[in-house]
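The values are calculated or read from the model by the stated rules, or taken from the named source; none is laboratory data. Computed from a prediction, not measured in an experiment: that's the story for all the values here. Neighbour counts are summed over all protein chains in view; Cβ atoms, including those assigned to glycine, are modelled from backbone coordinates with ideal geometry. Calculation scope for accessible area: heavy atoms of the full protein, side chains included, ligands and nucleic acids excluded. Shrake-Rupley method; radii C 1.70, N 1.55, O 1.52, S 1.80 Å.
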Amino acid sequence: MALSMPPCPPNGFGAERVRGMRQFGPTLLTFAALCGVLAGPLAAPAPAQAQPAQAQPTQAQPTLVPTGPVRMHGMALVGEPMLPPGFKNFPYVNPDAPKGGEVSTAAIGSFDSFNPFIVRGTPAAAASRVYDTLTVRSADEPEAAYAHLASAIEMPADRMSVAFDLRPEARFHDGHPLRSDDVVWTFNALREMGRPFYRQYYADVDHVEADGPLRVVFHFKNNTNRELAQIVGEMPVLPKHWWASRDFTKPLTEQPLGSGPYRITRFEMGRTLVLERVKDYWAEKLPTAIGMQNFDSIRTEYYRDATVALEAFKAGQVDWRIENSAKNWATAYDFPALDKGLVKKEAVPTRLPNGMQGYGINTRRPLFQDRRVRAALVEVFDFEWMNKNLFYDNYTRTTSYFSDSDFASSGLPQGDELALLERFRDKLSPDVFTKPYKLPVTDGSGNNRAGLRRALDLLKEAGWSVVDRKLVNARGEPFRFEILLRDPALERIALPYVQSLERVGMDVRVRTVDAAQYQRLIDSFDYDMTDVVIGESDSPGNEQMEFWSCAAAKMEGSTNTMGICDPAVDALVGEILGAHDRVHLVTATRALDRVLLAGSYVVPQWHLSAVRIAYWDRFGKPSQKVRSGVDISTWWLDTARAAVVDPARRMGQ
């Protein structure tokens, strides 16, 4: 139940996975808060051998089936929400956190729109704080959400719909009340005019209707999609009356109207954005909002270059920084303010799945439609050398699309997973059943002879041969492609890989473009290979269609970056969506993971189960840690600390 994330600046992805951002579409997931590491190769599978039994998911306990509609204060995919009706606040916030203060943040790239819901334009990341949603996710529970714009949630016994009773006090920033027709208009606008993502995500919703001004009902096409009620609950609600005089299909160049805790008050397009806290925010005393969004003003400065953004932080122009570069983390923070204790530097452990990060191979290109060719690209990648020489041995190799979770496959398929895969045996590589997936391991010396030999063998099988040190096919055409990047800092990772590819005769170049051009190329699938970050959650669901399905592969702007179109994959995604319990969900997801890995669609890279954050020590933070490691929305300005830090920061210390 997670969105994929766009590729990040410098080198890779840490463990922070933005939660509750799915509803705003992939382009809104901003680098400044999200990024961390990248990953490596897929070895020639080891010979089949006896495997230790794979851990089986815990059997679900039988539950009582309701015979009538159930009214709820919150929803959880498994069991009941942790917090009871009438809870006062989330346990990971300080309910007495003071409001006030100004903070400055940094983002990489640019923006030319405040409409994150469409393909056109490059939206400002901070626009998400302008909107409210029907429910709010808990940052410390797997897949639980609580009523926010809604006062109650109602689910009938047949689960063919979900109803939300709206709070009568909910209103937009212009004072206009938020009502059910706003919800209906938003849903229809997103599905009919928004990014292709929404058509996939809401595909199982038949229609939505207003049942009076304070009640809205989503009617489903079936009752097999267990997470659909949560999905529609996370939808941002837009003002119908405001959009009536504007074209939703075009980039928005004026401040949007919302109902959330912040409004945009000032901006310089592409460079600066200022959010001001709404002083009379209608939801401020709700349990889903108490202790959160505490800063009066949030200023975001956009930088074209990550190095300049780092220097701005060190100069005191930016309050905090999520560090994505292992090299920077090891070498770039040796400055006086850190030595004096004015700046804190922490690697905060996370408790979230890490998904997959790597080089995505665009199988829409004829060059990459042979699996053996893709497998050869994996063989050439030398993770051990990179981790040792570029990343200070910071990272763990990623070997699953669902890494650090129960959904990761391992060994050979057994039991229910094997039985499920048997249904598609004639459509799958025999390796799925006979060879455990293993990535090649080198000695880290940079002399990856064994991997290069395996790559050449695979390429020969696929009809390629080396002639005059150039890899060519039977028609004499060279093996030539391009790696597309959006940040110059990523070139230090790509160029050593290019050198290895050249050793097997490939002609490869690296192309780095700005954020806006990169997004246009990605949306139109106009690339050969590019960085991908595919975030996963505790409960895979609808987003898997967007990641892997044939329909998404053909839909401009989708997040099926690799162009995967495989009947077996589509069927396994269907098994995930229709899973009737946790056991079936785990079984189906492990089977999907195994098939994706065998397809060699990605050159896997690496991950880090921590968030690396540096910040000027002027903030208070709750004592309880969240699963994502860091949740800055719960921080507040500590005036005593700021009184010490701010004067020194202004003097350049």
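Kindly establish whether Gly258 is more than 28 Å from Arg612 (Cβ to Cβ), modelled with pLDDT of 95 or more and either of a type in the set (Lys, Arg) or open to solvent by less than 50 Å² (accessible area, probe 1.4 Å) (or both). In short, yes. Does Glu417 satisfy the condition of being in a strand (DSSP E or B), at pLDDT 95 or above and touching a Lys or Arg at 6+ places or on another chain (Cβ under 7 Å)? No: the conditions fail for Glu417.
Taking the numbered list (1) modelled with pLDDT of 95 or more; (2) assigned to a loop (DSSP other than H, G, I, E, B); (3) not aromatic (Phe, Trp, Tyr) in turn, Leu521 passes all entries but (2). Do you know which residues across segment 629-643 are on the phi < 0 side of the Ramachandran plot, in contact (Cβ under 8 Å) with a residue 12 or more places away in the chain and not hydroxyl-bearing (Ser, Thr, Tyr)? Hits for segment 629-643 are Val630, Asp631, Ile632, Trp635, Trp636, Leu637, Asp638, Arg641, Ala642.
The strands (runs of 3 or more DSSP E) found wholly in segment 127-189 and carrying at least 2 residues that are under 29 Å from Val274 (Cβ atoms), under 29 Å from the mean Cα position of the chain (by Cα) and modelled with pLDDT of 95 or more occupy 135-137.
Only strands (runs of 3 or more DSSP E) wholly contained in segment 291-365 count here; list those with 2 or more residues that are crowded, with 20+ Cβ neighbours inside 10 Å and among the aliphatic types (A, V, I, L, M).
Per the criteria, 356-361.
Listed conditions (1) surrounded by fewer than 23 Cβ atoms within 10 Å (Cβ to Cβ); (2) out of contact with any helix residue (DSSP H, G or I) (no Cβ under 8 Å at 6 or more places or on another chain); (3) assigned to a helix (DSSP H, G or I) are all met by Ala568, apart from (2).
In the set (1) surrounded by 15 or more Cβ atoms within 10 Å (Cβ to Cβ); (2) of a type in the set (S, T, N, Q); (3) without any contact (Cβ under 8 Å) to a residue 40 or more places away in the chain, the condition left unmet by Asn447 is number (1).
When Val532, Val573, Val583 are checked against the criterion of being under 21 Å from the mean Cα position of the chain (by Cα) and within 29 Å of Phe220 (Cβ to Cβ), a single residue qualifies: Val573.
Step by step: first the residues of segment 196-238, then only those that are acidic (Asp, Glu) and in contact with a helix residue (DSSP H, G or I) (Cβ under 8 Å, 6 or more places away or on another chain), then the one that is surrounded by the fewest Cβ atoms within 10 Å (Cβ to Cβ). Which residue is that? Result: Asp211.
For Thr587, the criteria (1) at pLDDT below 95; (2) among the polar types (S, T, N, Q); (3) assigned to a helix (DSSP H, G or I) hold in every case but one, which is (1).
Of the set (1) in a helix (DSSP H, G or I); (2) acidic (Asp, Glu); (3) within 21 Å of Phe547 (Cβ to Cβ); (4) open to solvent by 20 Å² or more (accessible area, probe 1.4 Å), all apply to Asp426 but (3).
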